[in-house]
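Here the structure is laid out as structure tokens; the discussion comes afterwards.
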Amino acid sequence: MKLSKKIERAHNTNTPAEALVLLAQDKDADVRYYVAQNTSAPAEALALLAQDKDAGVRYNVALNTSTPPEVLAVLAQDQDADVRRYVAQNTNVPPEALALLAQDKGAYVRYYVAQNTSTPPEALAVLAQDQDADVRRYVAQNTNVPPEVLALLAQDQDAGVRRYVAQNTNVPPEVLALLAQDKDAGVRYNAKNTLQKLNTRVEESKNVLKEFINKIFLFC
């Protein structure tokens, strides 16, 4: 089979699983590259490609949303920092692998762990104390960061961290009230805006509840 035809099949999500397993073993790295990228690739093929000698192939396995958690856990320990960085972006990564990556020596790896909404609370707590301010800024923006971690970051020396904390709607109201008086104008501005959003949501919830109660009385 011509190389162009094999690449076409490797890229096609309608290619049968058994054919993709065979293509995952092709001698040409370009073919294996596209199989690793294919979201229809079976677990068997992706597990095989996770051990590929070509880093580009492993990059695609790490980014593939169909890659099984156990394969991503193996790639989380890859010697290539870029492979680990791509693993850190995948929302299918198991919590224990993300906890490991949260302590990675590569700052860019930790950046993506801090942004990943699947990162467990204990890993975010570790990253909230990272020496790199950018890592802490990404933690502050994570929509799943626990309120107690945000309360800690609200005291961060870096104004940029506090600005992102002030934008996060998971921040406890009492912490937002303190940030509304921060020495940094950007922090104060964000905190006041977030408080206003939260107050609006409360009022909207009250109105919905009132309408619901009124409907109940109408049917009584």
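The values are calculated or read from the model by the stated rules, or taken from the named source; none is laboratory data. As the structure is a computational prediction, the values presented were derived from the model and not from experiment. Ideal geometry is used to build each Cβ from the backbone, glycine not excepted, and the neighbour counts take in all protein chains shown.
Okay, here's what the table says:
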| item | result |
| --- | --- |
| Hey, Leu179 surrounded by 19 or more Cβ atoms within 10 Å (Cβ to Cβ) and either of a type in the set (Ser, Thr, Tyr) or closer than 30 Å to Val83 by Cβ (or both) or not | no |
| Residue check for Ala47: assigned by TED's automatic domain parsing to the domain that holds Val113, small (Gly, Ala, Ser), under 30 Å from Asn144 (Cβ atoms) and in contact (Cβ under 8 Å) with a residue 24 or more places away in the chain | no |
| Those residues of the stretch 66-94 which are within 27 Å of Lys27 (Cβ to Cβ) and in contact with a Ser or Thr (Cβ under 6 Å, 6 or more places away or on another chain), in sequence order | Ser66 |
| Residue in the stretch 77-84 that is surrounded by fewer than 23 Cβ atoms within 10 Å (Cβ to Cβ) and either touching a strand residue (DSSP E or B) at 6+ places or on another chain (Cβ under 7 Å) or over 30 Å from Asn142 (Cα atoms) (or both) present | no |
| Qualifying residue in the stretch 100-112 (condition: under 30 Å from Arg58 (Cβ atoms), surrounded by fewer than 17 Cβ atoms within 10 Å (Cβ to Cβ) and of a type in the set (Val, Ile, Thr)) | no |
| Which numbered condition Gln131 fails, given (1) in the same structural domain as Glu96 (by TED's automatic domain parsing); (2) more than 18 Å from the chain's Cα centre (by Cα); (3) in contact (Cβ under 8 Å) with a residue 24 or more places away in the chain | (3) |
| Any hit, the stretch 120-128, residues being more than 23 Å from Pro172 (Cβ to Cβ) and of a type in the set (Val, Ile, Thr) | no |
